Every structure is written in C-alpha cells, then in structure tokens.
Amino acid sequence: MGNIENTEFKRILRKYEFLLEDFQDVLQISKEANSGMSSQINKNKPKEINESDFQKEDTDIKEEIGKQNDEDLKKLYRKIVRECHPDKLSYEIDPEKKIKLKDMYNKAVIAKEEQNWALMVMIAVKLDIDLPKEAEYKMQKIKEETEELEKKINNITKSVPWKWFHSDEKTKEEIVNNYIERLFKRKKNEDEK
C-alpha cells in the first residue's frame, strides 16, 4: 500500500473514530431531548389526545445488519482477542490500561457482531496489530460505514426533539404547540374515517 493510500486509510479511520464518539454524544443528547419534549407535550396536551396518539420520533440507530460470514473479519477479531480478552489479561497490567483493553475487547465483540470493518480496524490499529491485506482492501466498506454514521448523526440532529432541545423557551413552546396541533388534526381525521 503506497503512502498516499496509507494516509487516506488513516484519515478515514480517524474520521470514523471521531464520528463514533460524536454519535455517542448525539445519542445521549437525543435521549434527553426526547424525554424533555415528551414531558412538555404531556403537560400541554388536550384531554382528547391520548399518549398512544403520539408518534415517537425514530432515533433508534440499532439497525439489523446482515450477518454475513466474513472470515477476514474473524481473523482480525481473533488477533485482537489475543491481545485484550479480559480473561487473558495479566494481573500485573496497570488497572487503567486493563480498563482500556477491556473496552477495546467489548468494541471488538460489537464490531464482529455488526460486521463493522471500520471499528475492527480502528481497534487493531490502537493495539498495534498488523492489519491483514484484506483490511486494506476493505477501505470502501470502511468509507461506507463512516458515511452511514454521518447519516445517522444527521438524522438525529434534524429531528423535532433535537430542534426543541436546542431552542429558547418561546420556540420550545411553539414547537410543542405545533406538534400537539398536528396530533389533534391527525386524531380528528382518523376519528372521521
């Protein structure tokens, strides 16, 4: 692999790692936003609207990914497990390092389950594990996984609860009132059918 390709590969991995961490933050904020907006809607909704009438924003990111049999990914996973499996860690290892290794192991398990090359390669690089040539050829797959993370973040940050959470009090009230009005209209239309 040439220097330019190697540099591009590293850039993609760094971007993926950043997006992965950013995604966790976005999910946490999204949970607070959904909870806060739901609470405000419940306080302000008319009696005619039941809780079951709410159409929950879809921010669930756990998509079912096809469980394909990827031997190359399994080989890399096994190399990682040899380095950081919690049962194989020496008692002499620094407790802080042990925590990091256990975290990497947990992420590797997730990467294997989800067939996530980007995450698996990122862990291998952090553990200084030589990447198999197959990993380098998976660069397109890693790019796709990075783009998918960007889309998920974008979808969450464009949601109504996200906008509500990041608004001033007056705008929050307007968003909730508009939402309730739409619920009321939809319920009325359904009742007329």
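The values are calculated or read from the model by the stated rules, or taken from the named source; none is laboratory data. Quick caveat: nothing in here was measured; it's all calculated off a predicted structure. Neighbour counts are summed over all protein chains in view; Cβ atoms, including those assigned to glycine, are modelled from backbone coordinates with ideal geometry.
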Worksheet item: So which pairs qualify, if the first residue must be in region 31-58 and under 14 Å from Phe165 (Cα atoms) and of a type outside the set (Ser, Thr, Tyr), the second must be modelled with pLDDT of 80 or more and assigned to a loop (DSSP other than H, G, I, E, B), the Cβ gap must be under 9 Å, and the two must be at least 6 apart or on different chains?
Response: Ala33/Ser159; Ala33/His166; Asn34/Ser159; Glu57/Ser159
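Just give me the residues in region 99-118 being charged (D, E, K, R) and at pLDDT 90 or above, in sequence order. Break it down stepwise before answering.
Taking region 99-118 first, the residues charged (D, E, K, R) are 100, 102-103, 107, 112-114.
Lys100, Lys102, Asp103, Lys107, Lys112, Glu113, listed by residue number.
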Discussion item. Among the residues of region 137-155, what is the count of those that are more than 12 Å from Val121 (Cβ to Cβ) and among the hydrophobic types (A, V, I, L, M, F, W, C)?
Written reply: 2
Worksheet item: Which of the residues that make up region 162-184 are surrounded by fewer than 17 Cβ atoms within 10 Å (Cβ to Cβ), in contact with a helix residue (DSSP H, G or I) (Cβ under 9 Å, 6 or more places away or on another chain) and within 23 Å of Val26 (Cβ to Cβ)?
Response: Lys163, His166, Ser167, Thr171
Item to complete: Go through (1) of a type in the set (Val, Ile, Thr); (2) more than 17 Å from the chain's Cα centre (by Cα); (3) under 13 Å from Ile142 (Cβ atoms) one by one and return the number of the condition Ile99 breaks.
Response: (3)
Worksheet item: How many of the residues in region 82-127 are of a type in the set (A, V, I, L, M, F, W, C) and not in a helix (DSSP H, G or I)?
Response: 3
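Evaluate the following for Val121: is it farther than 25 Å from Gln24 by Cβ, buried (at least 18 other Cβ atoms within 10 Å of the Cβ) and either at pLDDT 90 or above or touching a Phe, Trp or Tyr at 6+ places or on another chain (Cβ under 9 Å) (or both)? Let's see the steps before the verdict.
Working: farther than 25 Å from Gln24 by Cβ: no; buried (at least 18 other Cβ atoms within 10 Å of the Cβ): yes; either at pLDDT 90 or above or touching a Phe, Trp or Tyr at 6+ places or on another chain (Cβ under 9 Å) (or both): yes.
Considered against the rule, which asks whether it is farther than 25 Å from Gln24 by Cβ, buried (at least 18 other Cβ atoms within 10 Å of the Cβ) and either at pLDDT 90 or above or touching a Phe, Trp or Tyr at 6+ places or on another chain (Cβ under 9 Å) (or both), Val121 comes out as no.
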Practice prompt. Within region 92-113, identify whether any single residue is surrounded by 17 or more Cβ atoms within 10 Å (Cβ to Cβ) and in contact (Cβ under 8 Å) with a residue 60 or more places away in the chain, and answer yes or no.
Written response: no
Worksheet, complete the sentence: Checked against (1) out of contact with any Ser or Thr (no Cβ under 9 Å at 6 or more places or on another chain); (2) of a type in the set (Ser, Thr, Tyr); (3) surrounded by 15 or more Cβ atoms within 10 Å (Cβ to Cβ), Ser159 satisfies every condition except (1)
Discussion item. If I ask for residues that are free of Cβ contacts under 8 Å to residues at least 12 places away in the same chain and within 23 Å of Tyr179 (Cα to Cα), which ones from region 9-30 would you list?
Written reply: Gln28
